[in-house]
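In what follows, a single structure is set out as structure tokens and then discussed.
A short reminder: the numbers here are calculations on the coordinates, not readings from a lab. Owing to the predicted nature of the structure, the values given are computational and were not obtained by experimental measurement. Neighbour counts run over all protein chains shown; Cβ positions are idealised from the backbone, glycine included.
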Amino acid sequence: MAWHSPRTVTKSLLITVSTLLILVLTLSFLDLRHRRTVFGLSSLVSSPPAPPPPSPAAATTLRANHPKLFAASGKWDALPQQIREDPYLTRWNKTIFEKAEELFTLPSVEYKVDGTSGVLDVAREVQLRIKHWAYAYRLSKQPRWKERVWKEVVVASGNSSEHSFGVRDDNWNTDHWLDVGEFLVAFAIAYDWLYDAWSTAEREAIKWSIINLGLTKGLEAHDTNAWFLMAVGNWNCVTNGGMVVGSLAVTRAYDPVPRDKYTPQPTLA
């Protein structure tokens, strides 16, 4: 089946939501610091006053090149030598590749709703797999890792003819927004870490999912003042954090395309 045509979401809205969400997370962090309680110690033990927060970076200062999430290309380029010279990193790298190999042979994650937890475990498993395979690709440049990531994102976006995955156009389950936050991080890593490996059609397809299954839903949640966006706890961090990461992955790369002008529509197995 064909990947759905994208809705028009302006770049300015994506930049706005990124800035807004970063501000929300900053304010939440400052609120916790204001309580001046040291994590893990008695509430009688106080931390030093919090330093003034840095000025948020303007959207125009974001890295234009990929990868840019969590580690830029320079850090990835330096990693092989660091692994060779550091026994701890050598073991760490070996562990990641072993886990990637273990996950490689498994069938794609199935969409299973777990009561009030939605498909949170499904989303986390998809993210776990993509992180391992994307790391393995960046360190080895072996195409099979990229191909395995692609297979997983096709299924997890509801675009596989062999696997059903949730409700069309709400495949990431906005009834339980933690799921959406986790899926956004998974697809953002797939898009960003393997950016140069994707064909134009593949890249557009992953970007479509980030925007239409995640970020557009996030804008709708903000428009209705959804409770979880300002919650004190993991709902705030996971949902807002997922939208921030997803926005950063595609900001400065998304050029809205009218429906009738959209051409990359890969047929997916």
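Quick look at the numbers
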item	result
Violating pairs (Cα-Cα greater than 25 angstrom) within the set Lys75/Lys146; Lys141/Lys217; Lys75/Lys141; Lys94/Lys131; Lys112/Lys151; Lys68/Lys112	Lys141/Lys217; Lys68/Lys112
Length added when fully stretched, Leu79-Arg168, from 0.36 nm per residue minus Cα-Cα	28.0 nm
Cβ-based exposure ranking for Trp177, Trp133, Trp150, in which fewest neighbours within 10 Å come first	Trp150, Trp177, Trp133
